[in-house]
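Below: one structure, written as structure tokens.
The values are calculated or read from the model by the stated rules, or taken from the named source; none is laboratory data. These numbers come from a predicted model, not from an experiment. All Cβ positions, glycine included, derive from the backbone under ideal geometry; neighbour counts span all protein chains shown. When the accessible area is computed, the model is the full protein with side chains, heavy atoms only, and any ligands, DNA or RNA have been set aside. Shrake-Rupley method; radii C 1.70, N 1.55, O 1.52, S 1.80 Å.
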Amino acid sequence: QVQLVESGGGLVQAGGSLRLSCAASGTIFSINGMGWYRQVPGKQRELVAFITSGGWINYLDSVKGRFTISRDNAKNTVYLQMNSLKPEDTAVYYCKVVADIVDYWGKGTLVTVSS
């Protein structure tokens, strides 16, 4: 079983920055990919950023140039640096880890951007 611990959400003014972290622990042989999704009430969960074990990165178009995903393989941790935040970035952000070809989800962390 794999456990995910997310941190870094909170309240920030528009134009500000936040850094999300997600650490995976448990019995892990191989992490295939790690990333972040977000969801607002009434809408589907959407991919924000994802990084594979091979280093391929994908970003949601609206966050390109503002958000940066990175990972620390030694710590099984993925980060999301969010700069120039906008009110429309307000959402619950979920960490997703694909480990041993199984999807694991974090419980979510709330990011609120005030105008």
**Report entry** Failed condition for Thr77, given (1) among the polar types (S, T, N, Q); (2) open to solvent by less than 30 Å² (accessible area, probe 1.4 Å); (3) within 15 Å of Leu18 (Cα to Cα)
**Finding:** (3)
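Okay, residues lined up against (1) closer than 21 Å to Ser114 by Cβ; (2) of a type in the set (Gly, Ala, Ser); (3) within 10 Å of the chain's Cα centre (by Cα); (4) open to solvent by 60 Å² or more (accessible area, probe 1.4 Å):
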| residue | (1), (2), (3), (4) |
| --- | --- |
| Thr52 | no, no, no, no |
| Ser62 | yes, yes, no, yes |
| Gly65 | no, yes, no, yes |
| Ile69 | no, no, yes, no |
| Asn73 | no, no, no, yes |
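Please pick out the residue among Asn83, Asn73 that is over 24 Å from Pro41 (Cβ atoms) and modelled with pLDDT under 95.
Numbers: Asn83 fails: modelled with pLDDT under 95.
Only one candidate qualifies: Asn73.
Scan the range 29-41 and tell me whether some residue there is assigned to a loop (DSSP other than H, G, I, E, B) and under 14 Å from the mean Cα position of the chain (by Cα). So that I can check it myself, show each step before the final result.
Filtering the range 29-41 down to residues assigned to a loop (DSSP other than H, G, I, E, B) leaves 29-30, 40-41.
So of that shortlist, the ones also under 14 Å from the mean Cα position of the chain (by Cα) come out as none.
The answer is no, given that none of the residues of the range 29-41 is assigned to a loop (DSSP other than H, G, I, E, B) and under 14 Å from the mean Cα position of the chain (by Cα).
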Query raised in the report: So which residues in the range 15-46 are loosely packed, with under 13 Cβ neighbours inside 10 Å, under 15 Å from Ala99 (Cα atoms) and modelled with pLDDT of 95 or more, if there are any at all?
Result: none
**Report entry** Test: residue in the range 5-14 that is touching a Cys at 6+ places or on another chain (Cβ under 7 Å) and open to solvent by less than 60 Å² (accessible area, probe 1.4 Å)
**Finding:** yes
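Residues of the range 50-70 being of a type in the set (A, V, I, L, M), within 16 Å of Glu88 (Cα to Cα) and not in a helix (DSSP H, G or I), which ones?
So in the range 50-70, the residues of a type in the set (A, V, I, L, M) come out as 51, 57, 60, 63, 69.
If we keep only those that are within 16 Å of Glu88 (Cα to Cα) too, we end up with 60, 63.
Result: Leu60, single match.
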